[in-house]
Amino acid sequence: MMFKPLRVSLFVLLMFTASAFHPAHAAFDGLGQLVSSPTFAEAVVLYKNGKYDPAALLLDDLARNLRGISPEVSGLVFVMASHAAENAGNARAYESWGMATARFARAGMSWQQVRSTLDQQLEMARLGASGPAAVGAGQSPGFAGPAVNLPPEAGRLSTAWKLFGLKHYKRPSPGLRREMTADQIWNEMDGGAEAPVTVIPYSEGVWGQQEPGAINEQDIVEGPPPRRTPSVPAHLRDVPHDHSGAAAAASYAASTQRKKPTVSEQYLRSARIAWKYFQRNYQPATGLYNGLDLYAVTTVWEIGTSLAALNAAHHLEIITDAEFKQRTGLMLQTLSSMDLYNNELPNRLYLANSARMAGEDQKPTSTGIGWNGPDIARLLLWLKKTAGKHPEFKPICDKIFLRLRTERLVKDANITSLSVYLNKEKIENETGFGLPSYAAEALKLWELDAWRVRDYRPQLGSKSIYGINVPFNKSGPAISSTPFTLLLMEFGRTDTEQDRMIRSIYEVQAARYQKTGKLTAADAGRIDRSPWRAQSAIITSSGKNEWQCLSPYSDKQLPLFWASTATAFCWDALYNTAYTRKLVQELTPLHDKNKGFMAGKYDNGETNKAITLETNGLILEAAMYRRNR
């Protein structure tokens, strides 16, 4: 539902006027944005229906990632998340409470001050909306007078304020010991999905005339429904899996009598389909995998993704310990002995069935065609991760690294790539936000410090698309999704400027779908038609163009912009929003149960039928991330 900017501005102006009369001077910037958020509506629905754990998860994520809100508003949402978790008996309440107090401290306030200020403003605003209000003790003269035509957002906040009982809430009670993973929480919610639920209409809380069937605000008893302590299903106590990313709170709120598969079953089923690709494209002589279905050529990046997929399949118990050790051991043995470009670094291309270097014509070559810095960094990252997870492989992983000569890979704190043209070498620095910054983080794990690449800020510009500030490289790669999803999944999420920029890269894709109806999950990779490899770019280098499909093998824009199946799973594993769940729902059917997942769907509705290692490897990695989250 969209609201006129004038009405939202009136509400913000009203809140600002109220704060001017309060000594705390709290700034509630972004309240209208908060309560207009579909995620906020989902959380309120879940809380109303006694589903405190999933409500707490959604609110906590909203507080961390909603852009454009003040510390006071972010802290308020963390308080709501804390209270929801407390009602579930979940010790997560303490973490959310700590985040809330940190946000308030950043604003120079306490929860008591914020609570008092906001409660007074909501009460005075309510009086102003219901008719002339006499000036009484504790009221600001600015709120006396005729009725105010407030926007729906204010009423929704008042409804949530009463529902959560925030007027008298102080802090989470001590002694909470129950801990559940996100997967267990969503699975438990799905386990009771057959029971009818109460759905709060999205328009509930509007001051003035209510829609038919809406719940009257005065009928809400302050404070939550009676607390219940959910029981963990027996199968989760025995095997605490966490494949839960696609849990759909919105779908649950409107659930029908037909029970749906649990979220972990949905993710695990997808991971098993993705693993079919690796079974079908395995090269038993080398332990490598075809980069394209039944086509025995692979890049160094794809070898790194293969290693990630092996770790994921083992972690998800799709393959046994013995199979993991056999497959991984053979691959690492190959990597420790295969030819290198100039006896220096891995060549750009290899034949998967023989581990021989390949040329641009994808035929064997004894000289090689150079190296790609980010590709090598991804391989080294997963060598380091494999050695850390499985110490028995550490000696051979170290051996693989030590045989490399890295003097030219990282030079003068820059990452380089090398190509060969007419028997002459050409070295270029990898700069910018995206693949280069991802590579710099990976190489740092091996004490290769490309600090110039990690400091990408001088390279960045910003452009507003659909009202969202999106970063772009002044000179460097176009912006898509994959390097950014990998940064968060493989190095962890933090409350940093980088994470906020990555969030905006996701949000602008969701905004494109909302504006145009075109499913958007931009990525780079193989496609099923000429020129066979392309990139769906959100924004091109220098910020000149948006939503273009580009290829190094074409000098003009291609009408082949596509939504990536792998990217859909990665964004959903990270953010689990209504839009990411829509992406997964729409793109999951694009698979062959014996071959794996297809690459995605073009803007014109046709399927990108390319079946690739990268697509299926990233789906496995996303499933592993969701289990660990």
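The values are calculated or read from the model by the stated rules, or taken from the named source; none is laboratory data. Since we're looking at a predicted model, the values are computed, not measured. Neighbour counts run over all protein chains shown; Cβ positions are idealised from the backbone, glycine included. Note: accessible area is taken over every heavy atom of the protein model, side chains too, but ligands, DNA and RNA are not part of it. Shrake-Rupley method; radii C 1.70, N 1.55, O 1.52, S 1.80 Å.
Suppose the filter is in a helix (DSSP H, G or I), among the charged types (D, E, K, R), within 26 Å of E507 (Cα to Cα) and at pLDDT 65 or above; does E72 pass it? First the steps, then the outcome.
On the way: in a helix (DSSP H, G or I): yes; among the charged types (D, E, K, R): yes; within 26 Å of E507 (Cα to Cα): yes; at pLDDT 65 or above: yes.
Against the criterion (in a helix (DSSP H, G or I), among the charged types (D, E, K, R), within 26 Å of E507 (Cα to Cα) and at pLDDT 65 or above), E72 qualifies.
Out of curiosity, is Y456 in contact with a Phe, Trp or Tyr (Cβ under 9 Å, 6 or more places away or on another chain), farther than 21 Å from Y438 by Cα and surrounded by fewer than 21 Cβ atoms within 10 Å (Cβ to Cβ)? Talk me through it step by step, then tell me what you get.
Numbers: in contact with a Phe, Trp or Tyr (Cβ under 9 Å, 6 or more places away or on another chain): yes; farther than 21 Å from Y438 by Cα: no; surrounded by fewer than 21 Cβ atoms within 10 Å (Cβ to Cβ): yes.
For Y456, the condition - in contact with a Phe, Trp or Tyr (Cβ under 9 Å, 6 or more places away or on another chain), farther than 21 Å from Y438 by Cα and surrounded by fewer than 21 Cβ atoms within 10 Å (Cβ to Cβ) - is not met.
Going through Q498, Q509 one at a time, which residue ends up being more than 25 Å from L379 (Cα to Cα) and assigned to a helix (DSSP H, G or I)? Lay out the reasoning, then the answer.
Working: Q498 fails: more than 25 Å from L379 (Cα to Cα).
Being more than 25 Å from L379 (Cα to Cα) and assigned to a helix (DSSP H, G or I) holds for just one of Q498, Q509, which is Q509.
Based on what the data block shows, is F28 closer than 24 Å to E497 by Cα and modelled with pLDDT of 75 or more?
Numbers: closer than 24 Å to E497 by Cα: yes; modelled with pLDDT of 75 or more: no.
So F28 fails the test.
Condition first: part of a loop (DSSP other than H, G, I, E, B), open to solvent by 10 Å² or more (accessible area, probe 1.4 Å) and closer than 22 Å to I505 by Cα. Now tell me which residues in segment 589-629 satisfy that.
Hits for segment 589-629 are D603, R629.
With respect to F484, is the statement that it is open to solvent by less than 40 Å² (accessible area, probe 1.4 Å), in a loop (DSSP other than H, G, I, E, B) and touching a helix residue (DSSP H, G or I) at 6+ places or on another chain (Cβ under 7 Å) true?
Working: open to solvent by less than 40 Å² (accessible area, probe 1.4 Å): yes; in a loop (DSSP other than H, G, I, E, B): no; touching a helix residue (DSSP H, G or I) at 6+ places or on another chain (Cβ under 7 Å): yes.
So F484 fails the test.
Which of the residues belonging to segment 353-395 are hydrophobic (A, V, I, L, M, F, W, C), more than 32 Å from the chain's Cα centre (by Cα) and more than 30 Å from G476 (Cα to Cα)? Before the answer, list the steps.
Residues of segment 353-395 that are hydrophobic (A, V, I, L, M, F, W, C), as a first pass: 355, 357-358, 369, 371, 376-377, 379-383, 387, 393.
Narrowing the set further to residues that are more than 32 Å from the chain's Cα centre (by Cα) leaves 355, 357-358, 369.
Within segment 353-395, just A355 meets the criteria.
For segment 319-347, name all the residues that are outside any helix (DSSP H, G or I) and either under 24 Å from the mean Cα position of the chain (by Cα) or touching a residue at least 60 places away in the same chain (Cβ under 8 Å) (or both).
Pass one, segment 319-347, residues outside any helix (DSSP H, G or I): 319-320, 336-347.
Selection gives S336, L340, Y341, N343, E344, L345.
Looking at L402, L418, L422, can you tell me which residue is within 23 Å of E360 (Cα to Cα), open to solvent by 80 Å² or more (accessible area, probe 1.4 Å) and among the aliphatic types (A, V, I, L, M)?
On the way: L402 fails: within 23 Å of E360 (Cα to Cα); L418 fails: open to solvent by 80 Å² or more (accessible area, probe 1.4 Å).
Just a single option satisfies the conditions, and that option is L422.
Pick from E428, E447, E441: which is at pLDDT 95 or above, under 16 Å from G370 (Cβ atoms) and among the charged types (D, E, K, R)?
Details: E447 fails: under 16 Å from G370 (Cβ atoms); E441 fails: under 16 Å from G370 (Cβ atoms).
Result: E428 is the single residue among E428, E447, E441 that is at pLDDT 95 or above, under 16 Å from G370 (Cβ atoms) and among the charged types (D, E, K, R).
Just checking, does segment 304-317 include any residue being in a loop (DSSP other than H, G, I, E, B), under 27 Å from the mean Cα position of the chain (by Cα) and crowded, with 20+ Cβ neighbours inside 10 Å?
Step one: list which residues in segment 304-317 are in a loop (DSSP other than H, G, I, E, B), which gives 316-317.
Narrowing the set further to residues that are under 27 Å from the mean Cα position of the chain (by Cα) leaves 316-317.
Within this subset, residues satisfying the condition of being crowded, with 20+ Cβ neighbours inside 10 Å are 316.
For segment 304-317, residues in a loop (DSSP other than H, G, I, E, B), under 27 Å from the mean Cα position of the chain (by Cα) and crowded, with 20+ Cβ neighbours inside 10 Å: present.
Residues K389, K363: which one is surrounded by fewer than 21 Cβ atoms within 10 Å (Cβ to Cβ) and either within 29 Å of F433 (Cβ to Cβ) or in contact with a helix residue (DSSP H, G or I) (Cβ under 9 Å, 6 or more places away or on another chain) (or both)?
Values: K363 fails: either within 29 Å of F433 (Cβ to Cβ) or in contact with a helix residue (DSSP H, G or I) (Cβ under 9 Å, 6 or more places away or on another chain) (or both).
After ruling out the rest, the residue left standing is K389.
Residues being open to solvent by 20 Å² or more (accessible area, probe 1.4 Å), of a type in the set (S, T, N, Q) and under 20 Å from A41 (Cα atoms): count how many of those fall in segment 53-106.
Here the count works out to 1.
For residues that are in a loop (DSSP other than H, G, I, E, B) and farther than 19 Å from L590 by Cα, scanning just segment 282-296, find the one that is farthest from the chain's Cα centre (by Cα). Can you show your working first?
The first filter runs over segment 282-296 and keeps only residues in a loop (DSSP other than H, G, I, E, B), leaving 284-287, 290-291, 293-294, 296.
Restricting the remaining residues to those that are farther than 19 Å from L590 by Cα gives 284-287, 290, 296.
Values: P284: 35, A285: 37, T286: 34, G287: 31, N290: 28, A296: 32 Å.
So the residue we want is A285.
Checking the structure you have, find out if any residue of segment 512-521 is assigned to a loop (DSSP other than H, G, I, E, B), over 26 Å from M99 (Cα atoms) and within 12 Å of the chain's Cα centre (by Cα).
yes
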